[in-house]
Amino acid sequence: MNQIIEIQNNGPELKSTNYWQSEHAQKGYVYLTVNAGCFRLLVPVDKQLSIDDMITGKIVLITRGPWPDMKKKDALELLFEDYTDSPYILQIASSQVDRMPEDSDQDRKGEKPRWMFAIYTEADGKIFEVPARYRKAKKLPYMKEWSEI
(Lines give C-alpha, C1' and ligand atoms only; values in the text may rest on other atoms or scores of the structure.)
Protein backbone atom coordinates (compact mmCIF):
# COMPACT_ATOMS: atom_id res chain seq x y z
CA MET A 1 0.00 0.00 0.00
CA ASN A 2 1.66 3.22 -1.13
CA GLN A 3 -0.92 5.77 0.04
CA ILE A 4 -0.41 7.15 3.53
CA ILE A 5 -3.34 6.11 5.67
CA GLU A 6 -4.24 8.68 8.29
CA ILE A 7 -5.89 7.52 11.50
CA GLN A 8 -7.22 9.77 14.25
CA ASN A 9 -7.86 8.05 17.56
CA ASN A 10 -9.78 8.67 20.72
CA GLY A 11 -8.06 6.03 22.84
CA PRO A 12 -9.25 2.64 21.51
CA GLU A 13 -11.97 4.30 19.42
CA LEU A 14 -11.38 5.22 15.78
CA LYS A 15 -12.26 8.91 15.42
CA SER A 16 -11.59 9.31 11.67
CA THR A 17 -9.56 7.93 8.77
CA ASN A 18 -8.95 8.55 5.08
CA TYR A 19 -8.80 4.80 4.43
CA TRP A 20 -12.29 4.66 2.94
CA GLN A 21 -11.18 6.84 0.02
CA SER A 22 -8.03 4.81 -0.67
CA GLU A 23 -7.51 2.65 -3.74
CA HIS A 24 -7.11 -0.41 -1.52
CA ALA A 25 -10.46 0.16 0.18
CA GLN A 26 -12.07 0.60 -3.24
CA LYS A 27 -10.63 -2.80 -4.21
CA GLY A 28 -12.11 -4.39 -1.09
CA TYR A 29 -8.97 -4.85 1.03
CA VAL A 30 -9.37 -4.63 4.78
CA TYR A 31 -7.01 -2.59 6.94
CA LEU A 32 -6.11 -3.30 10.57
CA THR A 33 -5.17 -0.45 12.86
CA VAL A 34 -4.01 -0.95 16.44
CA ASN A 35 -4.29 1.56 19.27
CA ALA A 36 -4.81 1.63 23.03
CA GLY A 37 -5.33 -2.12 23.42
CA CYS A 38 -7.73 -2.50 20.51
CA PHE A 39 -7.33 -4.09 17.08
CA ARG A 40 -9.71 -2.22 14.72
CA LEU A 41 -10.53 -3.86 11.39
CA LEU A 42 -11.70 -1.44 8.69
CA VAL A 43 -13.97 -3.35 6.30
CA PRO A 44 -15.34 -2.00 3.01
CA VAL A 45 -18.91 -3.34 3.24
CA ASP A 46 -19.81 -3.53 -0.43
CA LYS A 47 -16.95 -5.89 -1.22
CA GLN A 48 -16.45 -9.64 -1.06
CA LEU A 49 -15.93 -10.10 2.70
CA SER A 50 -18.76 -11.43 4.82
CA ILE A 51 -19.22 -9.25 7.88
CA ASP A 52 -22.16 -11.45 8.90
CA ASP A 53 -19.76 -14.38 9.33
CA MET A 54 -17.23 -12.25 11.24
CA ILE A 55 -19.71 -10.99 13.81
CA THR A 56 -20.64 -14.49 14.93
CA GLY A 57 -17.28 -14.55 16.75
CA LYS A 58 -17.28 -14.44 20.53
CA ILE A 59 -13.54 -13.72 20.63
CA VAL A 60 -10.98 -13.00 17.91
CA LEU A 61 -7.69 -14.90 17.95
CA ILE A 62 -4.97 -12.90 16.21
CA THR A 63 -1.93 -14.90 15.17
CA ARG A 64 1.28 -13.47 13.69
CA GLY A 65 3.70 -15.45 11.57
CA PRO A 66 5.14 -16.00 8.10
CA TRP A 67 2.65 -16.95 5.38
CA PRO A 68 4.76 -19.07 3.00
CA ASP A 69 1.87 -20.02 0.68
CA MET A 70 1.51 -16.35 -0.24
CA LYS A 71 5.27 -15.64 -0.08
CA LYS A 72 4.81 -13.24 2.86
CA LYS A 73 7.48 -13.08 5.55
CA ASP A 74 5.08 -11.51 8.02
CA ALA A 75 1.28 -11.65 8.20
CA LEU A 76 -1.66 -11.92 10.57
CA GLU A 77 -4.45 -14.44 10.82
CA LEU A 78 -7.77 -13.35 12.33
CA LEU A 79 -9.83 -16.26 13.62
CA PHE A 80 -13.35 -15.23 14.62
CA GLU A 81 -13.93 -17.95 17.21
CA ASP A 82 -17.61 -18.82 17.37
CA TYR A 83 -17.04 -22.27 18.91
CA THR A 84 -18.23 -24.11 15.81
CA ASP A 85 -16.24 -26.43 13.54
CA SER A 86 -15.82 -23.70 10.93
CA PRO A 87 -15.14 -20.24 12.37
CA TYR A 88 -14.54 -17.38 9.91
CA ILE A 89 -10.81 -16.91 9.26
CA LEU A 90 -9.05 -14.08 7.47
CA GLN A 91 -5.34 -13.81 6.69
CA ILE A 92 -3.85 -10.40 5.92
CA ALA A 93 -0.41 -9.21 4.86
CA SER A 94 1.62 -6.89 7.08
CA SER A 95 1.08 -4.13 4.48
CA GLN A 96 -2.58 -4.13 5.57
CA VAL A 97 -1.67 -3.32 9.18
CA ASP A 98 -0.57 0.04 10.55
CA ARG A 99 1.47 -1.43 13.43
CA MET A 100 2.34 -5.07 13.81
CA PRO A 101 2.10 -6.25 17.43
CA GLU A 102 5.31 -6.99 19.31
CA ASP A 103 6.33 -10.27 20.98
CA SER A 104 5.61 -8.66 24.36
CA ASP A 105 1.99 -8.03 23.26
CA GLN A 106 1.18 -11.76 23.38
CA ASP A 107 -1.51 -13.02 25.72
CA ARG A 108 -0.49 -15.76 28.10
CA LYS A 109 -2.41 -18.95 28.76
CA GLY A 110 -4.52 -18.64 31.88
CA GLU A 111 -4.71 -14.82 31.75
CA LYS A 112 -7.79 -12.85 30.79
CA PRO A 113 -7.67 -11.37 27.28
CA ARG A 114 -5.73 -8.09 27.27
CA TRP A 115 -7.04 -6.92 23.91
CA MET A 116 -10.30 -5.85 22.29
CA PHE A 117 -11.21 -6.28 18.63
CA ALA A 118 -13.61 -4.03 16.73
CA ILE A 119 -14.95 -3.87 13.19
CA TYR A 120 -15.58 -0.50 11.57
CA THR A 121 -17.36 0.35 8.33
CA GLU A 122 -17.47 3.73 6.64
CA ALA A 123 -21.26 4.06 6.80
CA ASP A 124 -21.90 2.76 10.31
CA GLY A 125 -18.67 3.28 12.27
CA LYS A 126 -18.06 0.61 14.91
CA ILE A 127 -20.43 -2.30 14.34
CA PHE A 128 -18.84 -5.06 16.41
CA GLU A 129 -16.58 -5.42 19.45
CA VAL A 130 -15.37 -8.49 21.36
CA PRO A 131 -12.32 -9.51 23.40
CA ALA A 132 -9.25 -10.62 21.46
CA ARG A 133 -6.08 -12.58 22.09
CA TYR A 134 -2.75 -12.20 20.35
CA ARG A 135 -0.16 -14.95 19.78
CA LYS A 136 2.64 -15.96 17.42
CA ALA A 137 3.01 -19.08 15.28
CA LYS A 138 5.78 -20.62 13.20
CA LYS A 139 3.65 -20.24 10.05
CA LEU A 140 0.23 -19.30 8.77
CA PRO A 141 -2.38 -20.54 8.28
CA TYR A 142 -2.47 -21.60 11.92
CA MET A 143 -6.23 -21.99 12.54
CA LYS A 144 -6.07 -23.37 16.09
CA GLU A 145 -8.36 -22.52 18.96
CA TRP A 146 -6.83 -20.82 21.99
CA SER A 147 -6.77 -23.94 24.16
CA GLU A 148 -4.50 -25.71 21.65
CA ILE A 149 -1.49 -23.42 22.10
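Observations on the structure shown:
- Unmet criterion (only one of (1) touching a strand residue (DSSP E or B) at 6+ places or on another chain (Cβ under 7 Å); (2) hydrophobic (A, V, I, L, M, F, W, C); (3) assigned to a helix (DSSP H, G or I)) for residue 14: (3)
- Failed condition for residue 95, given (1) assigned to a helix (DSSP H, G or I); (2) without any contact (Cβ under 8 Å) to a residue 12 or more places away in the chain; (3) of a type in the set (Gly, Ala, Ser): (2)
- Scanning region 45-56 finds no residues that are in a strand (DSSP E or B) and within 21 Å of residue 144 (Cα to Cα).
- Restricting 75, 123 to those that are in contact (Cβ under 8 Å) with a residue 40 or more places away in the chain, surrounded by fewer than 18 Cβ atoms within 10 Å (Cβ to Cβ) and either not in a strand (DSSP E or B) or not basic (Lys, Arg) (or both) reduces the list to 123.
- Flag for residue 101 being at pLDDT below 95, assigned to a loop (DSSP other than H, G, I, E, B) and within 16 Å of residue 128 (Cβ to Cβ): no
The values are calculated or read from the model by the stated rules, or taken from the named source; none is laboratory data. Because the structure is predicted, anything quoted here is derived from the model rather than measured. For neighbour counting, all protein chains shown are included, and Cβ atoms are generated from backbone atoms with ideal geometry for every residue, glycine included.
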